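Read through the structure below, which is laid out as structure tokens, and then see the notes.
The values are calculated or read from the model by the stated rules, or taken from the named source; none is laboratory data. The model shown is predicted, which means the values in this text are computed figures rather than measured ones. Reconstructed Cβ throughout: ideal geometry from the backbone, glycine too, with neighbour counts over all protein chains shown.
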Amino acid sequence: MNTEMFAARHIGITEKDLPKMLETIGTDTMDQLIHETIPDDIRLKKPLNLPEGISEHEFLSHVHELSKKNKVFKTYIGLGYHESLTPSVIKRNILENPGWYTAYTPYQAEIAQGRLEALLNFQTMVSDLTGMEIANASLLDESTAAAEAMTMLFDIRSRQQKKEGAVKFFVSEEILPQTLSLLQTRSEPLGIELVVGNHETFDFSEGFYGAMLQYPGKYGQVHDYANFVKTAKTHEIKVAVAADILSLALLTSPGEWGVDVVVGTTQRFGIPLGYGGPHAAFFATKNDYKRNIPGRIIGLTKDTDGNPALRMALQTREQHIKRDKATSNICTAQVLLAVMAGMYAVYHGPEGLKYIANKVHTHTRMLTKGLEGLGLEQLNSSYFDTILVRVKNVEKLKEIAVQNSINLNYVDADTVSISLNEAVSESDVKVLMYCFMKSLDIKNDISFAAEIDEVISGPSQRKTPFLEHEVFNSYHSETELMRYIKKLERKDLALNHSMISLGSCTMKLNAASEMLPLSWSNWGNIHPFVPLDQVEGYQDMLKSLESQLNEITGFAATSLQPNSGAQGEYAGLMTIRAYHESRGEGHRNICIIPASAHGTNPASAVMAGMKVVVTKTDDNGNIDVDDLKEKVELHSSNLAALMVTYPSTHGVFESSIIHITQLIHEHGGQVYMDGANMNAQVGLTNPATIGADVCHLNLHKTFAIPHGGGGPGVGPICVAEQLKPFLPTNPVIETGGEKAITAISAAPWGSSLVCLISYGYIKMLGAEGLTNSTKVAILNANYIKDRLKGSFDVLYTGERGRAAHEMIVDCRPFKTNGIEVVDIAKRLMDYGFHAPTVSFPVAGTLMIEPTESESLAELDRFCDAMIAIRAEIDETSSEDSNNVLKNAPHTLEMVTNDSWNFPYSRQKAAFPLSYVAENKFWPTVRRTDEAFGDRNLICTCTPIEAYMEA
Ligand SMILES: *Cc1c(COP(=O)(O)O)cnc(C)c1O
């Protein structure tokens, strides 16, 4: 074996395994299998035009060299991004730990109590600091969170008599530029009218339903918004505030003014800048709006024994599941980053956060005093960490700053703003002073005034306590925090324990070599708005990744800006919208979507101002071409797009796809391909070949970015030539096409840091390794399908009986025994497995996707478990629900309890197959009660005693 070939490490199947597997599925060669799976007319004629793969060692030295082309300056640009210090204990035990970063979204609560608790901490931290009643478990970035606030408030107007027809939304001119751009993007298709202005002169007139303020303002001014909020309330205008989380340790919380929503980013709580992301944004609001909150909320409930247990609250209500009634499409969020930020608060506690905020503030005051001593004027009357300084010669100052590796925010010809942060020391302040002195030709020694005045005005000084809960006051030594992190980690099943065969989620290997560079400061410590000449390494990497993805999809251009698949869908549809408008066909607003589509598709279409028309699927799970034809003809003159997942969400390569895409084009529509299933295409076919015009790719599925327990994600869109001009830009650093739409996410290249992972994945595998990965993903799926034959029926297959890279197994027949699909999902936990995807896209089924990274031994263990469960189902009857499936999962506490009242043995409960014994994973709670938790919603850390009374 060539021990340097990455493909052999990434792909779990070896040459040796092939004969057995091919025999099981009844075919002679791998090529024959692929021939039977993918229709001939869409097969690529040539191999991918990508270089050969490189070894892990070569990749690491390559990215190391590349990183040297990034210049790490001391950056005081601010604008929502600040250098922060990741505590090493968090970096090592969470960011660099597959136990945390390879976990999936915590849908299976019984094996996810660890990250659920970490997220509850995050929510509590956000609620406390913002002064709000309820917070979600993260959004994608501050600007998209602000857009979510704008649309949520728009949506709840219907509850306010006076606001029925109000469409105006006031935005303070002190809003961050990227947030303003996002609000523009998101408001326009919905008919929301943005009015940007000064909050002090705002007239609160009838037509406004809401307002958005920035706290502190983009150049650092701290306003007391109490009166604004009060007046807004009397006019029934709802108020949202975008707030800096660290400043809230010292500043009056927006909740105390009575605002409706507070959003922001937690980046400065220990998350690397990463040239734009990923970072966790937050969204906090009033209990009144709990059913309208975008994203996921973690809440407390109880398990079968009445013990407290956490789970995603109101979870089936996740916004996008409302399909075309949704007001948000958020699915993947920023769990890993939220876990880290929450842990930062756990580690520092309220006193630590105050210390950090005070340190930042004190340095800012020192700098101000010093600059004033030089005769410069500082313009903010009240500030936290950012000052606005009038200077005489910006160009000269800039030149000197650059010589000293410093970035400031050059506002205009005679003002700069300077934002300080946790990583700034007194000597850094001196260097800043030195730059100003040199620009003024002053040669004195630098000295600081001993006395520094208070500059946060009285009403803005925080007087309320925060983070009083025990969890924020217990783990301040490294030993304690390390053990707390480990305690939580042990409750969660991640890829470092066993296969997670979630259909449509592609839980493949996230290789250590792909992950390592994320920890290097030449990648981590770079602000997204630095000049391009400081980020040659990043630009090289991002441009290469874009062209790799162009080659893989067959398209002309890529935008890396979207931070998730759903955001990619939205971005893609917005480019389609802009394309139609550019041709004078802005009336085209019909988006046809198959009934089996992921819920984010219709939600994204509605957000893009389109009307959803649902088309049927036939008995074989394919798009019903006759029905589609009828709908296309009916809507011909208004047809904007078809959204189609390929291979379909049913796990099938539909052979009529080319016919379908042609039909859409004939009627003037564009074809959007949902790329969640790209793992079945890479190197064998591509979206351009099937006739699509744009697709998103989930880099956190096909391209090896870990799921992080529910984020981060990256959802780039790749487009055909005609859509290229409309790719999104950024208001600070220009990106995208020549007729670019406004921003889709806050940072110019989205979550640049984790793009390194996909870049490494493609580079190390090379053309052949990528193609082989696809083939093996298809092989593994078909192997499972045939091993389960006789035990489970597979719902859909292609014309020649093959599955693509995943398959749907039917669990509905077991209802006659009283067994539901969730019982099987929970019973799999006793066997050490995470359930496949439950009830998507068909209720009562499991969708299994093994990926190429699993070994034959692991595939067999999974199949053995499924077959054993099938036998257990045969032992059950609908008359008696006291059985091993209904009682699953079984906890250690149950099995070791002195009393055992179940009609099967303890061994059968917990060690049903021999392999389980040597690698037992214990669910830490019994089955969670969804309904109870939703009725008694508790979404912050609450003393267990309070819960017990409820
Ligand atoms: C995962 C998925 C999405 C959404 O992607 P996110 O990154 O979670 O927003 C959309 N469509 C399909 C078919 C998916 O599987």
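Taking the conditions (1) on the phi > 0 side of the Ramachandran plot; (2) not in a loop (DSSP other than H, G, I, E, B) in turn, THR506 satisfies each one other than (2). Only a single item in (1) more than 11 Å from the ligand (Cβ to nearest atom); (2) under 23 Å from the mean Cα position of the chain (by Cα) is not met by GLY554, and it is number (2). For segment 684-698, name all the residues that are assigned to a loop (DSSP other than H, G, I, E, B) and within 11 Å of the ligand (Cβ to nearest atom). Hits for segment 684-698 are LEU697, ASN698. One residue alone among ARG926, ARG861 is crowded, with 17+ Cβ neighbours inside 10 Å and under 18 Å from VAL822 (Cα atoms), and that residue is ARG926. Taken as a whole, segment 526-534 holds at least one residue that is part of a helix (DSSP H, G or I), surrounded by fewer than 20 Cβ atoms within 10 Å (Cβ to Cβ), at pLDDT 95 or above and touching a helix residue (DSSP H, G or I) at 6+ places or on another chain (Cβ under 8 Å). Does LYS701 count as within 15 Å of the ligand (Cβ to nearest atom), among the basic types (Lys, Arg) and part of a loop (DSSP other than H, G, I, E, B)? Against the criterion (within 15 Å of the ligand (Cβ to nearest atom), among the basic types (Lys, Arg) and part of a loop (DSSP other than H, G, I, E, B)), LYS701 qualifies.
Let's see how each residue does on (1) closer than 27 Å to MET312 by Cβ; (2) crowded, with 24+ Cβ neighbours inside 10 Å; (3) not β-branched (Val, Ile, Thr):
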{"site": "THR332", "(1), (2), (3)": "yes, yes, no"}
{"site": "LEU337", "(1), (2), (3)": "yes, yes, yes"}
{"site": "ALA345", "(1), (2), (3)": "yes, yes, yes"}
{"site": "GLU351", "(1), (2), (3)": "no, no, yes"}
{"site": "LYS392", "(1), (2), (3)": "no, no, yes"}
{"site": "LEU397", "(1), (2), (3)": "no, no, yes"}
{"site": "ASP414", "(1), (2), (3)": "no, no, yes"}
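Of the residues making up segment 55-77, those that are in contact with a Lys or Arg (Cβ under 8 Å, 6 or more places away or on another chain) and within 28 Å of ASP533 (Cα to Cα) are PHE59, HIS62. For segment 476-503, filtering for residues that are away from the ligand (no atom under 16 Å from the Cβ), part of a loop (DSSP other than H, G, I, E, B) and either buried (at least 18 other Cβ atoms within 10 Å of the Cβ) or modelled with pLDDT under 95 (or both) leaves 7.
If only residues of segment 650-676 that are over 16 Å from PRO841 (Cα atoms) and among the hydrophobic types (A, V, I, L, M, F, W, C) are counted, the one that is surrounded by the fewest Cβ atoms within 10 Å (Cβ to Cβ) is ILE658.
When SER878 is tested against (1) over 23 Å from PHE792 (Cα atoms); (2) in contact (Cβ under 8 Å) with a residue 12 or more places away in the chain; (3) not aliphatic (A, V, I, L, M), exactly one condition is not met: (1). Each residue in segment 325-339 was checked for being more than 15 Å from the ligand (Cβ to nearest atom) and over 16 Å from ALA135 (Cβ atoms), and 2 of them qualify.
Taking the numbered list (1) in contact (Cβ under 8 Å) with a residue 24 or more places away in the chain; (2) more than 23 Å from ALA676 (Cβ to Cβ) in turn, GLY790 passes all entries but (1).
Figure legend. Inter-residue proximity from segment 563-581: first residues in a helix (DSSP H, G or I) and acidic (Asp, Glu), second residues near the ligand (Cβ under 7 Å from one of its atoms) and at pLDDT 95 or above, beta-carbon distance below 7 Å, spacing 6+ or different chains. Indicated pairs: GLU569/ASN601; GLU569/ASP674. Mind checking whether some residue in segment 43-65 is touching a residue at least 24 places away in the same chain (Cβ under 8 Å), outside any loop (DSSP other than H, G, I, E, B) and touching a strand residue (DSSP E or B) at 6+ places or on another chain (Cβ under 8 Å)? Scanning segment 43-65, I find no residue that is touching a residue at least 24 places away in the same chain (Cβ under 8 Å), outside any loop (DSSP other than H, G, I, E, B) and touching a strand residue (DSSP E or B) at 6+ places or on another chain (Cβ under 8 Å), so the answer is no.
When ASP155, ASP141 are screened for being at pLDDT 95 or above and acidic (Asp, Glu), only ASP141 passes.
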